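Since the structure comes first, as structure tokens, the remarks are kept for the end.
The values are calculated or read from the model by the stated rules, or taken from the named source; none is laboratory data. Nothing here was measured: the structure is a model prediction, and the numbers come from that model. Neighbour counts run over all protein chains shown; Cβ positions are idealised from the backbone, glycine included. Just the protein is used for accessible areas: all its heavy atoms, side chains included, with ligands, DNA and RNA removed. Shrake-Rupley method; radii C 1.70, N 1.55, O 1.52, S 1.80 Å.
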Amino acid sequence: MSKVQVTTSINGEEMEFLCEPQQTLLEVLRETLSRTGTKEGCATGDCGACSVLVDDRLVCACLMLGVEAEGHEITTIEGIATDDGLHPLQQKFLEHAALQCGICTPGLIVAAKSLLEKHPDPDETTIRYWLAGNLCRCTGYDKIIRAVQDAAKELAHPA
Amino acid sequence: MAEAVDYKVIGTSPIRPDGVDKVTGRAQYGADLNLPNMIYGRVLRSPHAHARIKRIDTSRAEAMKGVYSVVSGKDFPEAEHGEIGGEGGGDISDLAKNIMARDKVLYHGHPVAAVAARSQRVAEEALAAIEVEYEVLTPVLDLDTAMASDAPLVDENCYTKNLPEKPDKPSNIAAVMQLGRGDVDQGFEQADVIVEGEYRIPAAHQGYIEPHACIANTNESGQSTVWCCTQGHFEFRAMTAKVLNMNVADLKFVASEIGGGFGGKTVVYLEPVAVLLSRKAHRPVKMMMTREEVFRATGPASGTHIKVKVGARKDGTITAATAWMAYEAGAFAGAPMGPGAMSVFAPYDLENFKVEAFDVLVNKPKVAAYRAPGAPQSMHAMECALDELARKLGMDPIDLRLKNAADEGTQAPYGPKFPAIGLKACLNAAKNHPNYTKPLPEGAGRGIAVGFWFNVGMQSSAEVHINENGTVTVVEGNPDIGGSRASMCLMAAETLGVPYEQVRAIIGDTESTGFSNVTGGSRTTFATGMAVVRACEDIIAQCRARAAATWGVDEDQVLWEDGQATPAPGVNADVKPLSLADIAANAAKTGGPLLGRASLNAQGAGASFSVNIADVQVDRETGKVDVLGFTAIQDAGRAIHKAYVEGQMQGGAAQGLGWALNEEYIYDANGVMQNAGFLDYRIPVASDLPMIDCEIVEVPNPSHPYGVRGVGETPIVAPLAATANAVRDAVGIRIHDLPLSPPRIVAAIDAAGS
Amino acid sequence: MVRVVFPQHLLSVTGGEREVAVEADNFRELLEALEARFPGSREPLAKSAAAVDGQIYQDAFLEPLEPGSEVFFMQRIEGG
């Protein structure tokens, strides 16, 4: 099957790649572009481990085709930290021990970033419903919720 | 040792050393590695739950462009019987046949062939080109059917084990176990009140978010390197060697980061297949399971059918208890009915009891360990029965348990007398916890239950290197599944007397550190931690010797205090203390690099008890249960990394709540799982749960230098009954079976109302 | 003498005897004494866990025993 040329932006970097029409964005990220920070937990859109931002929209990369990235700005876990260091969410996940095995962590951080961009001061219920698409089997979510609450505070009032 | 001590770093919650890589996407998990020239392996799985394989024709697949190798049962060595050893081992022949079926397929999803091809898509096309002819047999799908005397046989050669004499005909009951003491008939005669109950719990999956994945790279001399996500790369190496009849020395296993396991990654599924495919293809072969494959062909925990009867005097003293328990093994023997039987009454001091347990074959995937394997199911039954008993006696459920609680010196139902244990401390902590007495909203219910797990020690190795600037590298062999690198660093820092930040821990592969059993049995912080402490003590002894040599004094004139060598009081040496950095800087002159090591078979893993308090609200119209609050109280012996101990308790609580409320394997009449995906096999999501309050009780384990008890498994045990008891309290009806899903609750309410 | 107790599933090994007293200074000697008394017992017993005075050993062998020690053989515990 002939491949399609796609031009997109990944973590602020212009990027061109070739992909088969049926390949998902997740496959392209992981296999073609070696961005393995985005994880596959189910490939059916049920676990959120492959959460990425497409422009400013939270998306499961396993539910989107690679060719659909054409002309969009994709943000993955590899694009969350900046030259100034870790994003407050990343720092707070570490401080609150909000990860155990860590496989869901990239997706959760991307989803939480999207949440805080839209709701800078979310209550606990809002956080829980926003993150309900991201499965974590290790933590029981308690420390994840606290990390997100703390990161929201930090973003509102940088130390 | 282990009395109240002020520790410098133990009991704090610093950031884990591997943390930054895990929040930035750098950490490499099972599926994240790619090698040059790599191809992809996929598995063809049985569409039948029970069938004889009459013919497999792989010729069309082998001829396809882009297909490099194809294997099926005939490519594997003859599967001999024998013990694998270690965790989750069981019988080699069973393990081998579970990885690749030989003459029969025993569950829907059982592997029958595998291919390696240039892409996943070509591999899938090749699978479709493999012809398999089956003679379909009647599947055995539930415990009642399987245990009936006229049941179709899963395995015609299965004769019940542990009977006084070998039975004269085969059956689906692979093994039985009995435990008992005293005279239960007499005990029940002394009882003023007797409760009986029958409880069924369906199979549930460990539900780790990372599917199994590996890469095998086999060279032309037959040596192979395997990268994989595993709870124990040494045991994976041993299993692979035995299944493939290979020399252990020809296999190198490298553990990737692991995306959850909970017991489910203690056994090999893909690795031997990948080694064979790679050997035939002369290329590295990567294999990744889909989520559907994970559900259909790995894990789960046993479905069970358990009957419990308990009698007590008016004052709450239990006079007798009996339990009958059947555990689904899946297609091969080895359900955790032994631990189930040994744990069911473990929290209680009983004069008269009897337990009968059965390991039962059914045409479902072979069960795997899942956090305290066997205990959640059996203790659910007992803890629900005790709740009913407390109601009948008009007693507080915690008081009833306190009245009968085991303590130091109590003879455990499984034989020995308990050393110091924390059950009463946990019960008292629960009774005094504000969450136990705070008012409930109208219509809500509260339940409590006790949890228990034995914990194990087993073999571990550790090396401690002192780098040239005095920083410390700990090398050990247990994959870090929930922050254990941080715990190892804390114990090393405490022992050496240096700051936590000065210590890093790495997980060595099978060629770069000594043998260690799996990360399982709640053993890592206990046993591997003990090895790390011993290796640090080795370093301290060497440092004292080097300081003595530097100062020209005897070794016994040198102390190790606060991370430095100091002259003992009264030693007439005008010298400055030597730090680890000082000694390391001068190492070349005093004997070379500093390397401490220890290897051991850790004994004395202390049992860990817990008490959970669940508050629920039940919508009587829809049957939906809302968890309003959940409190986990557990004896950790000593919490090394406080936040990660809480994390174990909270995570176990969430898994237990999932099992109690939602999770179950649903099969059709042909033995095909109907909910093999996270949409329909619904594990708890963030919006299902409240914050989970934790109270860590610390009754130090005298067998560990810092008093550690394993904490990883006990947390999943009590939530099942705590939740069921809370639902009972809320709706006024005892629902015996799990999960307490909306349809089941609505049906129970309707039945009670009619 | 050391008191030794066998679980139900090992009674076939001991010909039905549930409890015996044996002279042994360590676990290795205990296994030898039991093998002498119950030929063929050594392998199944060595595969079992054993609790010695309350402490559970998965691989007991060198552990010292004292007069009055209690040894309970039991199924090996695994875990998740």
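Below are the figures for this structure:
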read-out	value
Residue match in the stretch B:109-118 (condition: in contact with a Pro (Cβ under 7 Å, 6 or more places away or on another chain), away from every other protein chain (no Cβ under 12 Å), buried (at least 18 other Cβ atoms within 10 Å of the Cβ) and more than 30 Å from C:Pro44 (Cβ to Cβ))	yes
Hits in the stretch B:626-682 (condition: part of a strand (DSSP E or B) and touching a residue at least 60 places away in the same chain (Cβ under 8 Å))	B:Val627, B:Leu628, B:Gly629, B:Phe630, B:Thr631, B:Ala632, B:Ile633, B:Gln634, B:Asp635, B:Tyr667, B:Met673
Boolean, B:Val727 is open to solvent by less than 30 Å² (accessible area, probe 1.4 Å) and in contact with a Lys or Arg (Cβ under 8 Å, 6 or more places away or on another chain)	no
Members of the stretch B:124-136 that are over 10 Å from B:Leu44 (Cα atoms) and either aromatic (Phe, Trp, Tyr) or assigned to a helix (DSSP H, G or I) (or both)	B:Glu125, B:Tyr134
Flag for B:Ile540 being open to solvent by less than 50 Å² (accessible area, probe 1.4 Å), outside any helix (DSSP H, G or I) and of a type outside the set (Asp, Glu)	no
Qualifying residue in the stretch C:8-15 (condition: touching a Phe, Trp or Tyr at 6+ places or on another chain (Cβ under 9 Å), within 11 Å of another protein chain (Cβ to nearest Cβ), on the phi > 0 side of the Ramachandran plot and not β-branched (Val, Ile, Thr))	yes
Inter-residue pairs, beta-carbon under 7 Å, first more than 16 Å from B:Glu328 (Cα to Cα) and of a type in the set (D, E, K, R) and in the stretch B:364-388, second at pLDDT below 95 and outside any helix (DSSP H, G or I), 6+ apart	B:Arg371/C:Gly80
Scope the stretch B:563-582; condition farther than 18 Å from B:Thr495 by Cβ and touching a residue at least 60 places away in the same chain (Cβ under 8 Å); matching residues	B:Asp582
The one condition in (1) touching a strand residue (DSSP E or B) at 6+ places or on another chain (Cβ under 7 Å); (2) more than 7 Å from chain B (Cβ to nearest Cβ) that A:Gly140 fails to fulfil	(2)
Filtered residue count, the stretch C:61-79, keeping only those that are assigned to a loop (DSSP other than H, G, I, E, B), farther than 30 Å from B:Pro715 by Cβ and open to solvent by 30 Å² or more (accessible area, probe 1.4 Å)	6
Residues within the stretch B:499-553 that are in contact with a helix residue (DSSP H, G or I) (Cβ under 6 Å, 6 or more places away or on another chain) and not small (Gly, Ala, Ser), tallied	13
Every residue from the stretch C:43-69 that is over 9 Å from the mean Cα position of the chain (by Cα) and at the interface with chain B (Cβ under 7 Å from one of its Cβ atoms)	C:Gly54, C:Gln55, C:Ile56, C:Tyr57, C:Gln58, C:Asp59
Selected residue (only one of B:Gly712, B:Gly677 is under 30 Å from B:Val105 (Cβ atoms), open to solvent by 10 Å² or more (accessible area, probe 1.4 Å) and within 14 Å of chain A (Cβ to nearest Cβ))	B:Gly677
Single residue of the stretch B:166-186 satisfying the filter (under 29 Å from B:Ala346 (Cα atoms) and within 10 Å of chain C (Cβ to nearest Cβ)) that is farthest from the chain's Cα centre (by Cα)	B:Gly180
Condition check for B:Thr550: more than 27 Å from B:Gly261 (Cβ to Cβ), assigned to a strand (DSSP E or B) and either open to solvent by less than 10 Å² (accessible area, probe 1.4 Å) or touching a strand residue (DSSP E or B) at 6+ places or on another chain (Cβ under 8 Å) (or both)	no
Complete set of residues in the stretch A:110-151 that are more than 21 Å from B:Gly647 (Cβ to Cβ) and assigned to a helix (DSSP H, G or I)	A:Val110, A:Lys113, A:Ser114, A:Leu115, A:Leu116, A:Glu117, A:Lys118, A:Thr125, A:Thr126, A:Tyr129, A:Trp130, A:Gly133
Candidates B:Tyr159, B:Tyr107, B:Tyr134 - the one that is in contact with a helix residue (DSSP H, G or I) (Cβ under 9 Å, 6 or more places away or on another chain) and aromatic (Phe, Trp, Tyr)	B:Tyr107
Filter result (within 8 Å of chain B (Cβ to nearest Cβ), open to solvent by 10 Å² or more (accessible area, probe 1.4 Å) and in a loop (DSSP other than H, G, I, E, B)) within the stretch A:84-99	A:Leu86, A:His96
Failed criterion for B:Asp32 (all others in (1) of a type in the set (Asp, Glu); (2) more than 14 Å from every other protein chain (Cβ to nearest Cβ); (3) in contact with a Ser or Thr (Cβ under 7 Å, 6 or more places away or on another chain) hold)	(2)
Single unsatisfied condition, B:Thr510 versus (1) free of Cβ contacts under 8 Å to residues at least 12 places away in the same chain; (2) farther than 25 Å from B:Asp6 by Cα	(1)
Residue, most open to solvent (accessible area, probe 1.4 Å), within the stretch B:498-527, restricted to residues that are within 14 Å of chain C (Cβ to nearest Cβ) and among the β-branched types (Val, Ile, Thr)	B:Thr525
Single match in B:Asp750, B:Asp737 (criterion: assigned to a helix (DSSP H, G or I) and open to solvent by 40 Å² or more (accessible area, probe 1.4 Å))	B:Asp750
